[in-house]
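J.: One structure is given below, represented as structure tokens, and several questions about it will come after.
The values are calculated or read from the model by the stated rules, or taken from the named source; none is laboratory data. All figures in this text were calculated on a predicted structure; none of them were measured in a lab. As a convention, Cβ positions derive from the backbone with ideal geometry for all residues, glycine included, and neighbour counts pool all protein chains shown. What goes into the accessible areas is simple: the full protein's heavy atoms, side chains included, and nothing from ligands, DNA or RNA. Shrake-Rupley method; radii C 1.70, N 1.55, O 1.52, S 1.80 Å.
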Amino acid sequence: MNTSNSEKLFHRAQQVIPGGVNSPVRAFKSVGRTPIFIQKALGSKMWDVDGNEYIDYVGSWGPMILGHAHPAILDAIRTAASDGTSFGAATEREVEMAELICSLMPSVEMVRMVNSGTEATMSAIRLARAFTGKDTIIKFEGCYHGHADSFLIKAGSGAMTLGVPDSPGVPRAIGSATLNARYNDLSSVEKLIDAHQNQIAALIVEPVVGNMGCVPPNKGFLQGLRSLCTRNNIVFILDEVMTGFRVSLGGAQQLYDIKPDLTTMGKIIGGGLPVGAYGGKREIMKLVAPSGPMYQAGTLSGNPLAMAAGIAMLRMLKSDSTIYRSLDEKSAKLEEGIRSIIEKNNLPLTQNRVGSMFTLFFTKEKVIDYDTAKTSDTKKFATYFSSMLDQGVYFAPSQFEAAFMSTSHSELDIERTIDVAEKALMSVFAR
Ligand code: KE4
């Protein structure tokens, strides 16, 4: 496969951008090859700067649930842009967006727009600290909540991929206020709460983990966290940046019938533009400036183009009740196709899936947490990734990420993906 233009661009990029990319996982470092530079995308396809076509299962890490360059989203952006690109003042679209989010996620009584998932989660924990007057937070090993200092302790996603789950530069005072529990292990949470009585402000969790690869919650896990937080005056934060409007129209909290105190959002609600949000109980949210003393701000928060794209996205998701069933059926077909290859060849692989987010792990172990995810053979994954890419199928360049189906993936795309996966897996395990 000719990737000469990507290689030239990557060389140039590395002179002026750290690692040649604006987000680490894009550098393809853990899969040991030059990253592809994308020229354009449409529906389920992407084309790189050398003209190679890919069936895309990254979907910009989640936002592209309706496929790339959806006409309704492009129209909404064009219309908004013709009236100006940013005002730094209140607009009607922000009210409409907030009302839409609150209508789709009943636990969210008030919501504040920000510009990324990181801003959403870092604001949510500041708010929880302000509300409770306590400082310590609980997160889970392998979960990723963006790159704010408090979260870069045993973090997932790119940090886990690059083997730097604990980043330098995080002050000890901040890091020591973050405790890590084990995902799907309620007793690990109880032990932390017992050992830090009355110190814990918040517990933040990916209700379905995407950032150690896809890891679903065990039955009763989320409910157990809810009752522990209620009993100990801990703000229960569901980080739905990835799962929000992905695993169901009302997110994981609808799918698992769980009511958090705060929810963080991003990705899909921006329709591909930079958007994040945090929201929840009115009594907590009213602490946020200017209605309360907890300060958080943003020049481009509620940006008109981003709101227009997000409103168009959420309106489409809300208007078509077949979308989530179709996403589930497409994803199940792919999962079934891969399962039959695994069983036919007795391959040491396991799959996790929730709706249209899923991961193929290169381990025989059932992946239920950070430790079991880490049993994956990342070298074999890298060989598989490369073989898939060379055959025109683009999955995340990391074992510790989720893949995403969109409504624009066709039956043909899925059949081709299964065929290509069989060839790729045979090349990995034949060695
Ligand atoms: P951003 O700041 O990247 O918009 O969102 C941070 C974030 C917060 N919470 C969850 C559950 C997330 O998945 C993310 C970001 N997801 C990664 C993909 N695993 C972003 C990709 C990247 O870092 O380039």
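J.: Tell me which residues, restricted to the range 173-205, are without any contact (Cβ under 8 Å) to a residue 12 or more places away in the chain and open to solvent by less than 40 Å² (accessible area, probe 1.4 Å).
T.: Answer for the range 173-205, where residues must be without any contact (Cβ under 8 Å) to a residue 12 or more places away in the chain and open to solvent by less than 40 Å² (accessible area, probe 1.4 Å): just S188.
J.: Filter the range 117-158 for residues that are of a type in the set (V, I, T), under 22 Å from W61 (Cβ atoms) and surrounded by 22 or more Cβ atoms within 10 Å (Cβ to Cβ); which is nearest to the ligand (Cβ to nearest atom)?
T.: If we take residues in the range 117-158 being of a type in the set (V, I, T), under 22 Å from W61 (Cβ atoms) and surrounded by 22 or more Cβ atoms within 10 Å (Cβ to Cβ), then T121 is nearest to the ligand (Cβ to nearest atom).
J.: Name the one entry in V215, V241 that is within 16 Å of the ligand (Cβ to nearest atom), out of contact with any Leu (no Cβ under 8 Å at 6 or more places or on another chain) and within 12 Å of V354 (Cβ to Cβ).
T.: V215
J.: Any idea which of K40, K29 is within 16 Å of the ligand (Cβ to nearest atom) and of a type in the set (D, E, K, R)?
T.: Of K40, K29, the one residue that is within 16 Å of the ligand (Cβ to nearest atom) and of a type in the set (D, E, K, R) is K29.
J.: In addition: Please go through the range 190-212 and pick out each residue that is within 16 Å of the ligand (Cβ to nearest atom) and either part of a loop (DSSP other than H, G, I, E, B) or not assigned by TED's automatic domain parsing to the domain that holds T136 (or both).
T.: E206, P207, V208, G210, M212
J.: For the subset of the range 43-99 comprising residues that are within 16 Å of the ligand (Cβ to nearest atom) and outside any loop (DSSP other than H, G, I, E, B), which member is nearest to the chain's Cα centre (by Cα)?
T.: Among those that are within 16 Å of the ligand (Cβ to nearest atom) and outside any loop (DSSP other than H, G, I, E, B), it is W61.
J.: Looking at the range 356-371, which of its residues are assigned to a loop (DSSP other than H, G, I, E, B) and either touching a Leu at 6+ places or on another chain (Cβ under 8 Å) or not hydrophobic (A, V, I, L, M, F, W, C) (or both)?
T.: S356, F362, T363, K364, E365, K366, D369
J.: Note down all Cβ pairs under 6 Å where the first residue falls in the range 222-240 and is without any contact (Cβ under 8 Å) to a residue 60 or more places away in the chain, the second is aromatic (F, W, Y) and open to solvent by 50 Å² or more (accessible area, probe 1.4 Å), and they're at least six residues apart or on different chains.
T.: L222/Y256
J.: Of these, R431, R339, R353, R416, which one is open to solvent by 20 Å² or more (accessible area, probe 1.4 Å), modelled with pLDDT under 95 and either in a loop (DSSP other than H, G, I, E, B) or under 30 Å from L317 (Cα atoms) (or both)?
T.: It is R431.
J.: Quick test for you: out of F381, F395, pick the one residue that is within 12 Å of F361 (Cα to Cα), within 16 Å of the ligand (Cβ to nearest atom) and either open to solvent by 10 Å² or more (accessible area, probe 1.4 Å) or in contact with a Leu (Cβ under 8 Å, 6 or more places away or on another chain) (or both).
T.: F381
J.: Please go through the range 100-116 and give me each residue that is surrounded by 20 or more Cβ atoms within 10 Å (Cβ to Cβ) and assigned to a strand (DSSP E or B), ordered by number.
T.: Correct list: V111, R112, M113, V114.
J.: How many residues, within the range 275-306, are in a loop (DSSP other than H, G, I, E, B) and crowded, with 24+ Cβ neighbours inside 10 Å?
T.: Adding up the residues that qualify gives 3.
J.: Return yes or no: is S157 within 22 Å of the chain's Cα centre (by Cα), of a type in the set (S, T, N, Q) and under 20 Å from S398 (Cα atoms)?
T.: It is true that S157 is within 22 Å of the chain's Cα centre (by Cα), of a type in the set (S, T, N, Q) and under 20 Å from S398 (Cα atoms).
J.: Quick one: which of E96, E92 is open to solvent by 50 Å² or more (accessible area, probe 1.4 Å) and in contact (Cβ under 8 Å) with a residue 12 or more places away in the chain?
T.: Among E96, E92, only E96 is open to solvent by 50 Å² or more (accessible area, probe 1.4 Å) and in contact (Cβ under 8 Å) with a residue 12 or more places away in the chain.
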